[in-house]
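The values are calculated or read from the model by the stated rules, or taken from the named source; none is laboratory data. These numbers come from a predicted model, not from an experiment. Positions of Cβ are backbone-derived with ideal geometry, glycine not excepted, and every protein chain shown enters the neighbour counts.
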Amino acid sequence: MNPAFIIPPLFACLVLSAWSIGTYNRFIKYINRIEEALNGIDVALKRRANLIPSLIKVIKGYAAHEDKIFSEKTQQLGMVSDPARLNEEQKITRDLGGLLALAEAYPDLKASANFLELQNSLNNIEKDIQQARNRYNSYISRYNTLVDSFPATIIAGWFHFDKKPYLSIELATQREMPDVSFSGKEKK
């Protein structure tokens, strides 16, 4: 057999194998980065959960007559130990936003150094959560693009690399902008 006939198919097999291995490794790289970003979100959420009891204690000192509300919030906000807790985190965020809104009713509390320090810490943690979420969603976007791209979709199908959903986490310190209409008519 002539080696001139063997070399082109052998070269094609080597190129195809190198491409397949490289594409597979890109999928693995994105999966690892997605997990790393998710761990970053988890760390920030745990920091927030650790801050919440201190925030509640400071607010509770200024609002002793609303003890029932605070004890309910403390019970709800204390359930943050399960890593698969996105729905619970959304509820905690809403409750924490309500707690901060309640704190607005106490001017002395808003001027308190302890409260301001805790609120600044919460703002910083919420920024960390947002940055980690953005990093996670960026890797998800790259991964999903690779899953959908031809010819990488062939490798995705062989190794069951499926598209992953984006992550949306509300922030307790984020306030919605009110609807403003310049036409003189209110929006419904």
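Of all residues being of a type in the set (A, V, I, L, M) and in a helix (DSSP H, G or I) in region 1-17, which is surrounded by the fewest Cβ atoms within 10 Å (Cβ to Cβ)? Just the residue, please.
Going residue by residue through region 1-17, those that are of a type in the set (A, V, I, L, M) are 1, 4, 6-7, 10, 12, 14-16.
Pick out the ones that are also in a helix (DSSP H, G or I) and you get 4, 6-7, 10, 12, 14-16.
Details: 4: 7, 6: 10, 7: 10, 10: 11, 12: 10, 14: 10, 15: 10, 16: 11.
Taking the candidates together, the pick is 4.
Is it the case, given these coordinates, that residue 49 is modelled with pLDDT under 80 and surrounded by 15 or more Cβ atoms within 10 Å (Cβ to Cβ)? Give the steps one after another, and end with the answer.
Details: modelled with pLDDT under 80: no; surrounded by 15 or more Cβ atoms within 10 Å (Cβ to Cβ): yes.
It is false that residue 49 is modelled with pLDDT under 80 and surrounded by 15 or more Cβ atoms within 10 Å (Cβ to Cβ).
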